[in-house]
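Read the structure below first, then the notes.
The values are calculated or read from the model by the stated rules, or taken from the named source; none is laboratory data. Predicted model, so just to flag it, every value in this text is computed and none were measured. Cβ atoms come from the backbone with ideal geometry, glycine included; neighbour counts cover every protein chain shown. SASA here: full protein model, heavy atoms, side chains in, ligands and nucleic acids out. Shrake-Rupley method; radii C 1.70, N 1.55, O 1.52, S 1.80 Å.
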Amino acid sequence: IYSSFCLASCLSTITNPILARQKINGCFRCHDNNNNSPRPLFGITTTCLLSTKSKLTDPTNNSESSDNKNGPAYEGPTMENANDIIAGISLPEIGIDLAIAPSKIAPQQMGLYLSLSPDVDSVALPALTLICGYSRTGTFHQNDVGDRTVGFSFSSSSIDDTGVFYERQLMSIRDALEMAAEMKGVEFGEVELAGHVLVQLDEGRVELYPAVEYENDGGGFARHFVPDLVNKGLARSATSDSGDDNEESPSFGNDNELSVQNFGQFCNDLAWSYTNPPQSATEYEKLSEKKNVVQLIWRLELDDENNVLKPSWPVSVTSKQCIFKNKDFMEVGTRYGWNYWQATVDLDSL
């Protein structure tokens, strides 16, 4: 049974989430295997920054990219055995399949894989195409407390070229603030962005900065999102050497079910090598630009009581135009950042 899923539902509440499925002999089926769980990452905040270099466009409109399918195709680490897949989903509306399986580049961790859907020869996905959610469920904290924490923090970012999803649409933060103000019947500026201040520059540019001065009194803004699945499911068993079944063993029940809403948190950083890591920030950035094709964008919702747009959950999108011609699953990656890896290396050396 090879079922499909409407990707637009990733931006709304799903009452009947897709079951985790395993691809065996060409079929996806429900799967409860607890093996090959990912090792928890030491988490400094991964920030969802989208500084678009071009005008924000509708990523579902493929008219502009359809003429570019003859360009260089994506090349990533290739899955060797489809029986290693623990979960998969088909997204026919954009012509790709996604799968979760042991990573080819991150030891003892899962990875996010992508292939063309059956009967599809080539797909050109524009930048900012939504491919999956990062985690539909999670909790917000004032401090970075999780292994895959995502920070809602925009620093020195223009409200005109920083993208978010609001009202199930991709738009700039300015457009989201304007839309929210119009819905509330108030002037632009009377609806704020949670945890941030807007700064008007001399040339008319408006930039965002985290309102950190209000976060040291114990009652500040909780800007760090910790996803449920990795912290309450898969990652916990990876820290246990006993192999015993206990309350912290991973569960694929209703609470921790793998679905298109949480595939994104298994995306590793393909720019980092555990055996031959980059030696400088410049080298890392070049590798990340070349190898990573996924990034995070926040989904916002309106807090009517406080007149602010607040984060609800992050989703994964393409970071640039990508051409896919691979029938086999290839691992895709996202940028964690040079500072993230320096902190991880320092912790590992203790």
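So what are the radius of gyration and Dmax for the Cα set of the range 258-350, in Å?
Cα radius of gyration and Dmax of the range 258-350 are 16.6, 51 Å respectively.
Whenever you get a sec, compute what percent of the accessible area on the range 126-194 sits on carbon and sulfur atoms (1.4 Å probe). Don't skip to the end; give the middle numbers.
Details: 1100 of 2710 Å².
The C+S portion of the solvent-accessible surface of the range 126-194 is 41 percent.
Put a dot 7 Å past each Cα toward the Cβ at Gln342 and Asn307; how far apart are the dots in nm?
4.1 nm
Write down the accessible area per residue of the range 293-350 in Å², having rolled a 1.4 Å probe over the full set of protein chains.
Accessible area per residue, the range 293-350: 41 Å².
Return the loop-located GluC sites (Glu not before Pro) in the range 262-350 (DSSP other than H, G, I, E, B) with at most 12 other Cβ atoms within 10 Å of their own Cβ; answer none if there are none.
Filter output for the range 262-350: Glu305.
Taking amide hydrogens as modeled 1.01 Å from N in the peptide plane, which residues meet the under 5 Å criterion relative to Gly111, leaving out close sequence neighbours?
The answer is Ala101, Ser103.
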